[in-house]
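Let me begin by presenting the structure, written as C-alpha cells, before commenting on it.
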Amino acid sequence: MFRVPLLVAIALAIAFGLGIQSTLMALNATVGFGEIEIDGWRAFPQAQTAEADPYARAHRAKAGRLLLGSAEGLTFIATSDRSGRKLTTDCRYKLSGTVPMARYWTLSASRPDGAPLSGSSGPSLAGLPTALNSVVTLKNRDASLEIAIGSDAEPGNWLAIPPGPAGSASPVGNQEMMLSLTLLDTPVAGNSGLVKLSMPHIDMVGCGHA
C-alpha cells in the first residue's frame, strides 16, 4: 500500500539531492561565463555587472561578496606560475613585470576559494606585509616592478605568506594559494583594450629550503 508513495519519495529525495549537489559543484567550479585570461591571470568582467549570467549572480550571492562595478575596477586572479605549476605556500615566487594602468592597485594572497590562508592572522605574520599596494611598492625607472612572495623576508618588495612545512618552527602545513591583483579606477575594466594588456609574470624561485 505504501510501497509506491515510498518509492516516489525516495526518487524525489535523490533527484533533489543530486540537483542541489550538482548546482553547488558548478558554483564552486566557476564564477560564471565571460572569463578572460591574460598571461596566466584570469578575470570575470561581466560577473560584476548587470549583464552577469545566472551562474555568476548565483556565485556572487553564495559567496556573499560585494564586487566592484565595471567603472570601479577589475580583479585578476592567478593560481599557477608561468610554468603552470600550482601556487603553494611552501614555495617562493617572484612576480615581475608591469601592472596595467590604474589609479590604485592591491596585491594579496589567499586560498583558491578566496578564504584567508591558514596562519595568515597568527603571530608569525604580525606586522608583516601580507598585502601590497601601488603606493608602498618600489618600482624601477621603466615602471616595472619585482615582488618576492614567500614566508622568508627579502629585501625590496616582499609579500609575506604563512610558512610551509619547512619554513617555520610552527608550520601550518603546505597550502595551495591564489594571488589577487585588484585594479581600481582603471580603463581596462571596460571591454576595449583587454587584448592589449600585459600582466606581470609569476616565476617559482624554489621550494622549502631549496
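The values are calculated or read from the model by the stated rules, or taken from the named source; none is laboratory data. Just so it is clear, the model here is predicted, and its values are computed rather than measured. Cβ atoms come from the backbone with ideal geometry, glycine included; neighbour counts cover every protein chain shown.
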| request: Please verify whether the range 130-138 includes one or more residues that are surrounded by 15 or more Cβ atoms within 10 Å (Cβ to Cβ), assigned to a helix (DSSP H, G or I) and at pLDDT below 95. | output: no
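A quick yes/no check of all residues on (1) more than 30 Å from N174 (Cα to Cα); (2) at pLDDT 85 or above:
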residue	(1), (2)
I20	yes, no
I36	no, no
L68	yes, no
F76	no, yes
G84	no, yes
T88	no, yes
K94	no, yes
M101	yes, yes
R111	no, yes
